[in-house]
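Peer 1: Got a structure here, written out as structure tokens. Questions coming.
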Amino acid sequence: MADRVYPAAKPNPPPGAAAANGNGSAPPASFPAPKSQMYQRPIYRPQAPTKRRRGRSCRCSFCCCFCWALLVLILLAFVAAVAGGAFYLLYRPQRPSFTVSSVRLTSLNLTSSPTAPVLTDAITLTVTARNPNKKMVYLYDDLTLSVATAANAVPLGTATVPGFTHAAGNTTVVTATVANSAVTVDPSGAGSDIKRSGAFSVAVDADTSAGVRVGGLKTKKIGIQVHCEGIKVTPPPPPPVEPKKVKGKNSTAALAPAPAAADAETTVSTAAHSCKVRVRVKIWKWTF
């Protein structure tokens, strides 16, 4: 027996569909539904990533690095200030003091050449160094002492003194002799500064390097320059003249009295002269 085929049921028209047809009858429904009424899934199309602005990113990174570096520098400066303040309150550091106790011009000879005068001299110096600190020890390298005229800086000689350890609260006396041996000097400066009779002013300089020891800690040595000025020296008296033989009334030889020699103490500057101490800091190629 053959199967019977039943016609598909017609769907009910939506409300108002009858009004759309002119004669009032419902339009025939179409099956299957048209493609325009079917649900279509949108096709996925990957989009290219948006390009970031490199310039703005670099500027932001630079600003962040600069801010962090500035913050680190401020913290380091703060820590250094606190440590320095604590060190000052604990040890009360003071610079060493230097004084020229005496200066003796033992010999002086300057030729009278108008173009190239030759100078020979010798000066004995006594320098007193004092350490005013109670807990700090100074460690000095060799000291280089030099003497020159105050007006035109005509060199009068140099000498080197061995270094020493300057204990806390200690006073050290250094003696040296600076000399020139047949050195050609500037005729204009030497003629006006150096006097064969009468006092003239000289300046004394000392260059060295010194470090500080506090307990078991030692600092790196830095340059120190000591400058002393306003020191007056007097040339030594001329050598005594040999006595001359003269004839007396009875034709007997007699010795004429020699001229009185100047007292040797007149060649010594006994007044103590304080010196200025300057620290010379070297940063790379420059020295301050």
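Peer 1: Taking amide H positions as placed 1.01 Å from N in the peptide plane, with prolines and chain starts having none, which residues 5 or more places from ILE231, or on another chain, fall under 5 Å of its amide H?
Peer 2: Result for ILE231 returns VAL202.
Peer 1: Grab the other residues whose beta carbon is less than 10 angstrom from that of VAL137, score K and R as +1, D and E as -1, and report the net.
Peer 2: +3
Every read-out reported here was derived from the displayed coordinates using simple, explicitly stated rules and does not represent laboratory data. Since the structure is predicted, the reported quantities are computational estimates derived from the model, not experimental observations. Cβ sites come from the backbone with ideal geometry, for glycine too, and all protein chains shown count toward neighbours.
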